[in-house]
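Visitor: Here it is, the structure in full.
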Amino acid sequence: MRMARPVSRWTILCVLCVSLLIVALDATVLHVAVPALTADLRPGAQDLLWIVDAYPLIAASLLILFGTLGDRIGRRKVLLIGYALFGVASALAAFAPNAHVLIAARALLGAGGAMIMPATLSILRQVFPDRRERAMAIGLWSAVAAVGAAVGPVLGGFLVEHFWWGSVFLVNIPLMAVMFVAGRALLPESRGSADGPWDVLGAVAAALGVLGVVLGMKRIGGGASPLDAPAFVPLLAGVGLLCWFIRRQRRRAHPLIDIRMFDRPAFSTAVGCIVLAMLALVGLELIAVQYLQLVLGLSPLQTGLRLLPLTFAAMAAGLFGSRMLHAFGPRRMVSGGFVLTAVAVLALTAMGQGDRPALLTTAFVLLGFGLETTLFGAYESMLSESAAHQAGGAAAIGETSYQLGAGMGIALLGSVMNAAYAPGVAHTPGVSAADGAKAGRSLGEAYDVADRIGGGSGAALRHAARHSFVTGLHMTLLVSAGLLLGGALAALRLPRVMECGGEKWPAELEPALVTRAEPATAGRSGRAAD
């Protein structure tokens, strides 16, 4: 039998981008459906928190497990399983009769997402061996992620308005069915080296370690003290497991992840830049949304429209990222992106209790372009500094560092915000200590307390809370800008120029990229090409 004709790498990229688009949509589409599902299922406060957090927590914890499993058994195989699991979990979520079933469905969606995300990036790494083409592909890949994040709330709002809250999940089923058929027909199989047994114990330790760290940081970001048991215990256990995992990988002859990748300055620096970028900005994004709605009084739709320039600027940076990387090199591109983002963040300190649309839009455009420039350059450098046979592990490290940075950012900047905000409302004249403590938890709760108290004391509390929130926002912006400038200095360790001379790794370490083949030739391999 003849081998099937190889599929164009750009067709493969299209399939991968659509896969990422669906996962990115699902990460944000639920937000606008929360009021509707709350009215229907009536979950408790903790149940509602888990409905929102189950997806990102499970996805973050399983990235290393499924990324390295794809290196071992085949990235296409893991991706197809992810499609199927995502579709089944979407059906379960759409028709969930109660909050506990919905939480379980969201956890399964996270597992499916953890299979899909690193697989798309590792397959991309394999089918684009030329670095200049790969940079262009990563730019398109990252632009699609920005589109998904922006379209999610809009699509969710439309579906909830015209149907019911479960429709935000139901829409995934036909999309995943199409992706499963297209992926099975068009995507090539690829895998890394299969030397030695797969480290199941290490994979489980990494998953539990990341879960503990992210869960602990989320609880700290939600207002818990770092010494409170619900935050301290999972955080300590997670750090301990990750340290044990790293030591175990260094000792093993055939590690799950080759920790020696971090000995390469460009790889470790790129991973550090991803963490710093998310550390500086994710917590800030959550605070910015509260500022737009609670201080400026914008509706959710108006808030979404105000944030669109940030998304469009990020899309533009992704589309032009390849050209910028070739023109400026990784060092200047990532460092310059950090500086541009820091300038945007500092410009936002001019915002007060009054609306300044022109300043806000300009700062958001600079922030979106600078952030995407930084992440593009860091991701591209990280993938290019890893061997092709380690693509799944490298992609999992990149995605995990993104999630860890986001978790740390919510914890750190949330703590800075709380430290600056709470004292300003704790001793408002005419407000009891109990009401002052409740108002100090968040601006939204302060407004609730002020409305309940009413009169002059309520008005004074509302004014003090708005003033304290803006003061806390400015403090948080300054801390964020400092982190970003630190990232700009760290990025100086990246290579000055983009080297496009082909793969640096020995040919014998390059695994075959197996195309779709008839049974008689299934043992033969080749690389997908144009």
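Visitor: Out of PHE369, PHE364, PHE376, I need the residue that is open to solvent by 40 Å² or more (accessible area, probe 1.4 Å) and either closer than 30 Å to ILE220 by Cα or touching a Pro at 6+ places or on another chain (Cβ under 9 Å) (or both). Which one?
Guide: PHE369 is the lone residue from the list that is open to solvent by 40 Å² or more (accessible area, probe 1.4 Å) and either closer than 30 Å to ILE220 by Cα or touching a Pro at 6+ places or on another chain (Cβ under 9 Å) (or both).
Visitor: If you go through region 438-477 one residue at a time, how many are exposed (fewer than 14 other Cβ atoms within 10 Å of the Cβ) and within 22 Å of MET408 (Cα to Cα)?
Guide: Number of matching residues: 0.
Visitor: Moving on. Those residues that are small (Gly, Ala, Ser) and assigned to a helix (DSSP H, G or I), I need them from region 77-102; list them, please. Walk me through it before giving the result.
Guide: Filtering region 77-102 for residues small (Gly, Ala, Ser) gives 82, 84, 87, 89-91, 93-94, 96, 99.
Within region 77-102, GLY82, ALA84, GLY87, ALA89, SER90, ALA91, ALA93, ALA94, ALA99 meet the criteria.
Visitor: Still on this structure, please answer the following. Under 7 Å between Cβ atoms, which residue pairs at least 6 apart in sequence (or on different chains) link something in region 287-302 that is farther than 22 Å from LEU412 by Cα and part of a loop (DSSP other than H, G, I, E, B) with a partner that is modelled with pLDDT of 80 or more and open to solvent by 60 Å² or more (accessible area, probe 1.4 Å)?
Guide: Filtered contacts from region 287-302: LEU296/ASP355.
Visitor: Same structure, new question: Which condition breaks for PRO255 when tested against (1) surrounded by fewer than 17 Cβ atoms within 10 Å (Cβ to Cβ); (2) at pLDDT below 85?
Guide: With respect to (1) surrounded by fewer than 17 Cβ atoms within 10 Å (Cβ to Cβ); (2) at pLDDT below 85, PRO255 is out only on (1).
Visitor: Give the residues of region 271-324 that are open to solvent by 40 Å² or more (accessible area, probe 1.4 Å) and over 29 Å from ARG219 (Cβ atoms), sorted by residue number.
Guide: GLY297, SER299, LEU301, GLN302, LEU305, ARG306, LEU308, PHE312, MET315, LEU319, PHE320, ARG323
Visitor: Additional query: So, ARG356, is that one open to solvent by 10 Å² or more (accessible area, probe 1.4 Å), at pLDDT 85 or above and closer than 22 Å to ALA135 by Cα or not?
Guide: Details: open to solvent by 10 Å² or more (accessible area, probe 1.4 Å): yes; at pLDDT 85 or above: yes; closer than 22 Å to ALA135 by Cα: no.
In short, no.
Visitor: Can I ask one more? Please state which of the following conditions GLY329 fails to meet, knowing it meets all the rest: (1) over 30 Å from ILE58 (Cα atoms); (2) outside any helix (DSSP H, G or I); (3) open to solvent by less than 20 Å² (accessible area, probe 1.4 Å).
Guide: (2)
Visitor: While we're here: Could you list, ordered by first residue, the pairs with Cβ atoms under 6 Å in which the first is in region 109-120 and within 8 Å of PHE66 (Cβ to Cβ) and the second is aromatic (Phe, Trp, Tyr), at least 6 apart or interchain?
Guide: ALA114/PHE66; MET115/PHE66
Visitor: Within region 214-237, identify whether any single residue is farther than 27 Å from ALA406 by Cβ, open to solvent by 30 Å² or more (accessible area, probe 1.4 Å) and charged (D, E, K, R), and answer yes or no. Lay out the reasoning, then the answer.
Guide: The initial filter retains those residues of region 214-237 that are farther than 27 Å from ALA406 by Cβ, namely none.
For region 214-237, residues farther than 27 Å from ALA406 by Cβ, open to solvent by 30 Å² or more (accessible area, probe 1.4 Å) and charged (D, E, K, R): absent.
Visitor: Condition first: within 15 Å of PRO56 (Cβ to Cβ) and modelled with pLDDT of 90 or more. Now tell me which residues in region 87-105 satisfy that.
Guide: ALA89, ALA105
Visitor: Which of the residues belonging to region 8-24 are in a helix (DSSP H, G or I), among the hydroxyl-bearing types (Ser, Thr, Tyr) and farther than 10 Å from ILE116 by Cβ?
Guide: Going through region 8-24, the residues in a helix (DSSP H, G or I) turn out to be 9-24.
Subsequent filtering for residues that are among the hydroxyl-bearing types (Ser, Thr, Tyr) retains 11, 19.
THR11, the sole residue that qualifies.
Visitor: Sticking with this one: Need the failing condition index for ASP199 against (1) closer than 22 Å to GLY67 by Cα; (2) acidic (Asp, Glu); (3) free of Cβ contacts under 8 Å to residues at least 12 places away in the same chain, just the number.
Guide: It fails just one condition, (3).
Visitor: Here is a follow-up. Residues that are under 18 Å from the mean Cα position of the chain (by Cα) and over 30 Å from ALA93 (Cβ atoms): find the helices (runs of 4 or more DSSP H) completely inside region 108-205 holding 1 or more of those. Steps first, please.
Guide: Numbers: elements: 131-162, 167-170, 172-186.
The helices (runs of 4 or more DSSP H) meeting that bar are 131-162.
Visitor: Can you pull out every residue in region 303-331 that is free of Cβ contacts under 8 Å to residues at least 24 places away in the same chain and more than 24 Å from the chain's Cα centre (by Cα)?
Guide: Residues of region 303-331 that are free of Cβ contacts under 8 Å to residues at least 24 places away in the same chain, as a first pass: 303, 305, 323, 327-328.
Of everything in region 303-331, those that are free of Cβ contacts under 8 Å to residues at least 24 places away in the same chain and more than 24 Å from the chain's Cα centre (by Cα) turn out to be ARG323, ALA327, PHE328.
Visitor: Can you pull out the residues in region 112-132 that are at pLDDT 80 or above and open to solvent by 10 Å² or more (accessible area, probe 1.4 Å)?
Guide: Residues satisfying the conditions are MET115, MET117.
Visitor: Sort out which residues of region 285-334 are at positive phi and modelled with pLDDT of 85 or more, and write them in order of number. If you could, list the steps in order and put the result at the bottom.
Guide: Restricting attention to region 285-334, the residues satisfying the condition of being at positive phi are 297, 329.
Passing the criteria: only GLY329.
Visitor: As an exercise: evaluate GLY430 against (1) at positive phi; (2) of a type in the set (Gly, Ala, Ser); (3) in contact (Cβ under 8 Å) with a residue 40 or more places away in the chain and give the number of the one condition it does not meet.
Guide: The single condition GLY430 does not satisfy is (3).
Visitor: Suppose the filter is closer than 30 Å to VAL78 by Cβ and surrounded by fewer than 24 Cβ atoms within 10 Å (Cβ to Cβ); does MET382 pass it? Full working, then the answer.
Guide: Working: closer than 30 Å to VAL78 by Cβ: yes; surrounded by fewer than 24 Cβ atoms within 10 Å (Cβ to Cβ): no.
Against the criterion (closer than 30 Å to VAL78 by Cβ and surrounded by fewer than 24 Cβ atoms within 10 Å (Cβ to Cβ)), MET382 does not qualify.
Visitor: Further, regarding this structure: When you scan region 427-437, do you find a residue that is crowded, with 19+ Cβ neighbours inside 10 Å, under 23 Å from GLU285 (Cβ atoms) and β-branched (Val, Ile, Thr), even just one?
Guide: no
The values are calculated or read from the model by the stated rules, or taken from the named source; none is laboratory data. Here the structure is a predicted model, which means the values were calculated and not measured. For neighbour counting, all protein chains shown are included, and Cβ atoms are generated from backbone atoms with ideal geometry for every residue, glycine included. Remember, those area values only see protein heavy atoms, side chains included, never the ligands or the DNA or RNA. Shrake-Rupley method; radii C 1.70, N 1.55, O 1.52, S 1.80 Å.
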